[in-house]
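The structure appears right after this line, and notes come after that.
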Amino acid sequence: MLLDIVTKMAPDDYVGFTFFIGYMAMAAASVFFFFERGSVDAKWKLSLLVSALITGIAAVHYGYMRDYWGATGDSPTFFRYVDWILTVPLMCIEFYLLTKLAGAKKSLLWKLILASTWMLVCGYIGEAFTDGSTGHSVQWGVLSTIGYLYIAYTVWFGEVAQLAENSNSDVIKKGVRALAWFVLVGWAIYPIGYMCMEGGWLSSVMAPENVDVWYNLADAINKIGFGLVVYGIAISESKSNK
Amino acid sequence: MNLFTFIYLIGVYIILNLFQGFKQIDLNDQLIYSSFFILLIGIPHGAIDHVLFFKKRKISKLKFYVLYIGLIFAFLILWHVSVFYSLIFFLFISAFHFGESQFPHINIQPIFKNIFYFIWGISLLSTLMFYNIEELKSITLFFDDTVVLEQVYDLSKLSILFYSTNAFTFISMFIFIFMKKINLDRFFSEIFLLFLIHATFYLFPFIIGFTLYFVALHSLKVMNDEYIFLKKETPNFKIFDFIKLLAPYSVLSICFTALLLVLSYNNIIGYSVPLLSIMIISVITLPHAIVMNVFYN
């Protein structure tokens with residue numbers, strides 16, 4: 001199957017190109033985070049394992065998406081949402097793990113998981129089960145956006161931000177702020193991408209056929225970048241404790 | 001990112017979703033909803049100028065009110081004499097005022113600070129006009145007494161202003177970070193905000209883009225600065241006290257504005273509703289900008 005796709009891949013197929021890059025980058029990042037667990041203190045090992053899981057799960061799905069794209073030339077909405085529904089809550093777990101040392105409670109973890117799942121399930125219904133009406137797209141888009149804004153608020157001004165502020169660690173403060181930027185800027189591609197789908201209001205700004213390229217680039221930056229920030233915090237904190 | 005940028009972002013997402021559903025929003029609807037938010041939040045942010053001024057300067061009440069109302073009438077006369085130059089003057093005052101409220105406490109030499117405020121504001125207003133020039137022209141040409149304003153929307157001159165002031169603003173941010181006048185977090189926040197402003201002014205119609213900026217990023221922020229100042233100055237000062245303080249002049253301004261607009265709509269006043277709206281906003285902006293300059297310094 002893969003060989004069949006590889007031989008058919010056009011040199012100017014930049015969507016396919018980014019699927020291949022995304023697949024390899026995620027796989028490489030996963031190996032890196034997994035092996036680097038040995039370089040950090042015990043309390044940071046779980047955070048790095050979660051980072052490795054995020055990129056590992058994404059690598060597997062990028063493999064599927066790459067093949068799906070190669071075989072059909074269609075956007076792999078189904079696999080993309082399967083990937084996001086698994087990896088985005090894991091990214092939220094990273095916020096909990098980082099702030100756990102400053103006293104984060106389990107309720108924060110569940111609120112973030114719930115909000116991220118809500119955001120993605122609503123987005124999936126809006127995108128995949130569309131009846132062609134704008135009402136459907138808007139309704140699920142609004143519901144999905146509420147989940148996104150809740151997460152953005154929590155990490156910028158809410159519980160996560162306050163816990164980081166009270167952590168007495170500059171590394172954690174800076175790290176949480178860096179991850180908050182990923183949520184604000186990096187994750188914004190997802191609602192924007194949603195509005196760029198066929199018939200969407202922003203489809204004139206970003207053509208629907210290009211949305212996959214942006215999703216692939218954003219996914220790679222968000223997931224690997226997210227993991228690298230966590231890795232940076234873990235290494236700095238481990239060194240300062242020696 | 002501060003809370004006001006976040007509120008702006010919420011506004012952006014709400015409007016994006018509205019456009020996703022309706023594709024277009026009728027000009028009348030834009031005006032009605034924008035007016036509602038400007039009257040509700042925009043007007044009150046200038047409703048305690050007298051309180052702020054008296055806290056900052058020792059001046060008799062009579063002198064203050066004579067000067068304040070005198071400036072309003074002087075500007076009204078200027079509007080009567082020349083609509084074109086009045087608009088230019090209004091844009092310049094607004095530019096400075098917007099820049100000052102965005103960076104009120106940046107620690108640089110006063111002369112550079114004032115230049116920066118002015119150019120930041122010009123970059124904001126030129127961006128708004130540059131992306132929406134055709135829409136502005138069509139609104140302007142719709143009424144006899146606003147046709148003269150078309151000269152302001154000259155694309156070649158506006159392009160020069162747009163590119164030069166935006167370049168200046170971006171370069172200033174880099175200079176500020178190298179001079180350690182702002183920290184890295186503030187730097188990213190300001191760059192993000194500029195990006196957000198460009199995106200919204202490009203995507204949204206003129207009236208919606210301006211209202212969103214004016215309400216979320218300017219008026220709410222200034223009101224917050226005012227509230228923090230009064231809270232420091234007055235023991236046990238609560239948000240309800242602040243609202244009580246804002247209410248009288250806000251209600252008075254809104255009623256007076258509504259009366260003038262009704263008179264204009266019924267052709268009792270010889271100015272069209274859009275021109276009269278600009279005139280009202282501009283004449284109350286002039287003394288307000290002066291008071292805020294005193295307040296922030």
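The values are calculated or read from the model by the stated rules, or taken from the named source; none is laboratory data. Bear in mind the structure is a predicted one, so any value in this text is a computation, not a measurement. Positions of Cβ are backbone-derived with ideal geometry, glycine not excepted, and every protein chain shown enters the neighbour counts.
Residue by residue through the range A:153-189, note down the ones that are part of a loop (DSSP other than H, G, I, E, B) and either within 13 Å of chain B (Cβ to nearest Cβ) or not small (Gly, Ala, Ser) (or both). Selection gives A:Phe157, A:Gly158, A:Asn166, A:Asn168, A:Trp187, A:Ala188. In the range A:114-168, which residue that is out of contact with any Ser or Thr (no Cβ under 9 Å at 6 or more places or on another chain) and among the aliphatic types (A, V, I, L, M) is farthest from A:Val183 (Cα to Cα)? Step by step, filter the range A:114-168, then rank; the result is A:Val138. Within the range A:121-136, the set of residues being in contact (Cβ under 8 Å) with a residue 12 or more places away in the chain and within 11 Å of chain B (Cβ to nearest Cβ) comprises A:Gly126, A:Thr134. So B:Phe64 clears everything in (1) aromatic (Phe, Trp, Tyr); (2) within 14 Å of chain A (Cβ to nearest Cβ); (3) more than 22 Å from the chain's Cα centre (by Cα) except one condition, right? Which one? The single condition B:Phe64 does not satisfy is (2). Being within 14 Å of chain A (Cβ to nearest Cβ) and either in contact (Cβ under 8 Å) with a residue 40 or more places away in the chain or in contact with a His (Cβ under 8 Å, 6 or more places away or on another chain) (or both) is true of B:Gly11. Cβ-Cβ contacts under 7 Å between residues 6 or more apart (or on different chains), taken from a first residue in the range B:21-47 that is more than 14 Å from every other protein chain (Cβ to nearest Cβ) and surrounded by 14 or more Cβ atoms within 10 Å (Cβ to Cβ) to a second residue that is modelled with pLDDT of 80 or more and in a loop (DSSP other than H, G, I, E, B), are listed as B:Gln30/B:Pro205. Could we say that A:Tyr150 is in a helix (DSSP H, G or I), among the hydroxyl-bearing types (Ser, Thr, Tyr), out of contact with any Pro (no Cβ under 8 Å at 6 or more places or on another chain) and within 14 Å of another protein chain (Cβ to nearest Cβ) here? Here the answer is yes, as A:Tyr150 does meet what is asked. I'm told A:Gln139 meets every condition in (1) of a type outside the set (Asp, Glu); (2) touching a Lys or Arg at 6+ places or on another chain (Cβ under 9 Å); (3) within 14 Å of chain B (Cβ to nearest Cβ) except one. Can you identify the failing condition by its number? Of the numbered conditions (1) of a type outside the set (Asp, Glu); (2) touching a Lys or Arg at 6+ places or on another chain (Cβ under 9 Å); (3) within 14 Å of chain B (Cβ to nearest Cβ), the odd one out for A:Gln139 is (2).
I'd like the full set of residues that are assigned to a helix (DSSP H, G or I), without any contact (Cβ under 8 Å) to a residue 40 or more places away in the chain, farther than 19 Å from A:Gly227 by Cβ and not small (Gly, Ala, Ser), limited to the range A:96-114. A:Lys106, A:Trp110, A:Leu114 - these are the residues of the range A:96-114 that are assigned to a helix (DSSP H, G or I), without any contact (Cβ under 8 Å) to a residue 40 or more places away in the chain, farther than 19 Å from A:Gly227 by Cβ and not small (Gly, Ala, Ser).
Checking each residue in the range A:80-116 for being touching a helix residue (DSSP H, G or I) at 6+ places or on another chain (Cβ under 6 Å) and of a type outside the set (A, V, I, L, M, F, W, C) picks out A:Tyr81, A:Asp83, A:Thr87, A:Pro89, A:Glu94, A:Tyr96, A:Thr99, A:Ser116.
Of the helices (runs of 4 or more DSSP H) contained entirely in the range A:1-95, those carrying at least 2 residues that are crowded, with 19+ Cβ neighbours inside 10 Å fall at A:14-35, A:42-72.
Exactly one residue out of B:Phe242, B:Phe229, B:Phe187 is in a helix (DSSP H, G or I), in contact (Cβ under 8 Å) with a residue 60 or more places away in the chain and surrounded by 14 or more Cβ atoms within 10 Å (Cβ to Cβ), and it is B:Phe229.
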